Amino acid sequence: MAGAPIGGAEAFYERATIALHHAGDVALPIIRRDSERAARLRKAGLQSVELAFGGAFDFLTKPRVQRALQDFKPDLVMAWMQRAARFTPQGPWVLVGRFGGYYDLKYFRHCDHLVANTHDLVRSIAAQGWPAERVHYLPNFAEDFSGVAPADLPAPSSTPKLLAMGRLHPNKGFDVLLRAIALLPRGHLYLAGAGPEEAALRALAAELGIADRVSFLGWRRDVGALLAAADMFICSSRHEPLGNIVLEAWSAAKPVIAAAAQGPSELISDGADGLLVAREDAPALAAAITGLAENPARAAALAAAGRVRFATEFAEAPVISRWQRLLAELKPAGRM
């Protein structure tokens with residue numbers, strides 16, 4: 001896995017690798033150099049190989065990946081996203097490319113199989129000519145945040161506490177969310193994340209006159225505590241292939257309102273376990289927030305239904321069981 005130090009796909013790589021290890025699989029993580037990630041994996045009992053995974057002139061990583069794999073002798077190798085796929089060679093192992101977004105297939109042409117974490121991604125990959133029998137759906141699981149003690153998020157008692165999380169990037173639509181907050185008579189937004197749009201978002205909050213109703217929390221790892229303290233979770237993304245944050249909010253039994261990007265639209269049954277609004281539509285988002293704030297019983301019902309969805313479909317146990325079944329099926333013939 002050659003991703004960044006922070007991010008949803010990278011965090012799930014760690015969770016999935018550790019969970020498979022705890023479930024009895026023998027795994028070797030090969031990661032982009034990151035001492036903190038390596039330490040977390042080591043704490044879970046996994047010794048990782050750290051390599052550069054650099055740019056076009058990195059001629060050392062690929063042979064070092066090959067050497068590590070030849071020494072480890074795996075049955076199956078998973079290349080996690082496109083940068084990792086570019087550096088992962090073919091060999092006597094089954095090579096599986098893992099999609100968590102709408103990636104360019106050219107990086108995965110040498111793979112034996114592909115897996116994707118939404119049904120829409122599976123359809124998209126097959127529509128580009130990849131053999132349908134060699135692309136498989138494998139969902140993510142989220143950490144279970146039920147029962148976590150709340151973080152201290154002070155706000156007037158009459159003010160709904162609204163939580164949003166993610167990289168501060170245009171894809172996340174936080175500018176739309178700020179415009180929605182400006183339309184609300186009350187409500188305080190807690191925005192957890194870091195990224196290139198932070199200065200622009202702070203400036204927009206000031207321009208809209210809501211700077212005192214928005215708290216920029218920076219990048220946080222206490223996701224469960226933040227969710228526990230919030231009244232509802234908002235996912236405003238313009239582009240969101242899955243939405244791990246929706247699964248995390250469900251795990252904490254929080255009502256979810258999401259813009260109808262690809263992932264949330266697949267996950268959420270509108271009106272049953274969450275609310276979907278049109279992307280780029282600040283008034284619709286504001287109306288949905290107001291509706292739940294004024295109807296606590298409906299908010300609680302959505303939260304309870306989301307919790308059921310999480311427990312039955314997106315908790316660690318059912319998802320890892322599904323992963324293990326598929327990975328066993330994909331192993332080379334004759335190996336157990």
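Note on the range 68-163: the alpha carbon radius of gyration divided by the globular reference 2.2 N^0.38 Å gives 1.57.
Take every Cα pair under 8 Å whose residues are at least 6 apart in sequence, average their separation, divide by the length of the range 100-242, and the relative contact order is 30 percent.
One equal scatterer on each Cα of the range 207-313, no solvent, Debye formula: the resulting log10 I(q)/I(0) at q = 0.11 Å⁻¹ is -0.33. Considering only 56, 180, 151, the Gaussian network model of the chain with Cα springs below 10 Å gives its largest mean-square fluctuation to 56. For the range 19-70, the orientation-averaged shadow of the C-alpha convex hull comes to 4.0 nm² (one quarter of the hull surface). A DSSP coil position with no more than 15 other Cβ atoms inside 10 Å describes the following chymotrypsin sites (Phe, Trp or Tyr not before Pro) in the range 208-269: 219. Here the extension length gained between residue 71 and residue 202 equals 42.1 nm, from 0.36 nm per residue of separation less the Cα-Cα distance. Here the accessible area is traced with a 1.4 Å probe on the protein chains. For the chain, carbon and sulfur cover 53 percent of it. For the chain, the equivalent ellipsoid derived from the Cα gyration tensor has semi-axes of 37, 21, 19 Å, listed largest first. Rounded, prolate or oblate: pick one for the range 21-117, where a ≥ b ≥ c are the square roots of the eigenvalues of its C-alpha gyration tensor, a/c under 1.5 means rounded, and failing that, prolate if a/b is larger than b/c, else oblate. Rounded is the answer for the range 21-117, as its axis ratio a/c remains below 1.5. The residues neighbouring residue 169, those whose beta-carbon lies less than 14 Å from its own, together hold a net charge of -1 under the Lys/Arg +1, Asp/Glu -1 convention. Residues whose amide H falls under 5 Å from that of residue 76, counting only those 5 or more places apart or on a different chain, are 94, with hydrogens built in the peptide plane.
Measure nothing fancy, just the Cα-based angle from helix 282-293's long axis to the longest principal axis of the chain, in degrees from 0 to 90, nearest 10. The answer is roughly 80 degrees. Axis of helix 8-22 versus longest Cα principal axis of the chain: the two differ by about 60°, to the nearest ten degrees. The residues packed around residue 15, meaning those with a beta-carbon under 9 Å from its beta-carbon, carry a net charge of -3 if Lys and Arg are +1 and Asp and Glu are -1. Straight-line cross-link reach from residue 331 at under 21 Å between alpha-carbon atoms covers these lysines, not counting any fewer than eight positions away in the same chain: 73.
Taking the Cα centre of the chain as reference, the dipole from Cβ charges on Lys and Arg (+1) and Asp and Glu (-1) amounts to some 840 debye. Modelled this way, with points 7 Å down the Cα-to-C-beta line, the labels at residue 59 and residue 270 are 5.5 nm from one another. Here is the link list: 172/254; 62/172; 62/106; 43/106; 43/161. Which ones come out longer than 26 Å on Cα distance? From 172/254; 62/172; 62/106; 43/106; 43/161, over 26 Å: 62/172; 43/106; 43/161. Across the range 242-283, the residues whose backbone nitrogen lies under 17 Å from the label position 7 Å along the beta-carbon direction of residue 304 are 250-256, 271-275. Treating the angle as unsigned and between 0 and 90°, give the value, to the nearest 10°, between the Cα long axis of helix 316-330 and the longest Cα principal axis of the chain. Taking Cα atoms only, the helix is inclined about 30 degrees.
Computed about its Cα centre, the charge dipole of the range 278-336 is approximately 400 debye, with only Lys, Arg, Asp and Glu carrying charge at their Cβ.
In the range 236-336, Cα pairs under 8 Å separated by at least six residues give a relative contact order of 27 percent. Rounded to the nearest 20 debye, the dipole magnitude of the range 202-253 is 120 debye, with +1 charges on Lys and Arg beta carbons, -1 on Asp and Glu beta carbons, and the Cα centre as origin.
A crude spin-label estimate for the pair residue 322 and residue 50, with each label 7 Å from Cα along the Cβ direction, gives 3.4 nm.
The values are calculated or read from the model by the stated rules, or taken from the named source; none is laboratory data. Here the structure is a predicted model, which means the values were calculated and not measured. Cβ sites come from the backbone with ideal geometry, for glycine too, and all protein chains shown count toward neighbours. Side chains are part of the model used for accessible areas, which takes the heavy atoms of the whole protein and leaves out ligands, DNA and RNA. Shrake-Rupley method; radii C 1.70, N 1.55, O 1.52, S 1.80 Å.
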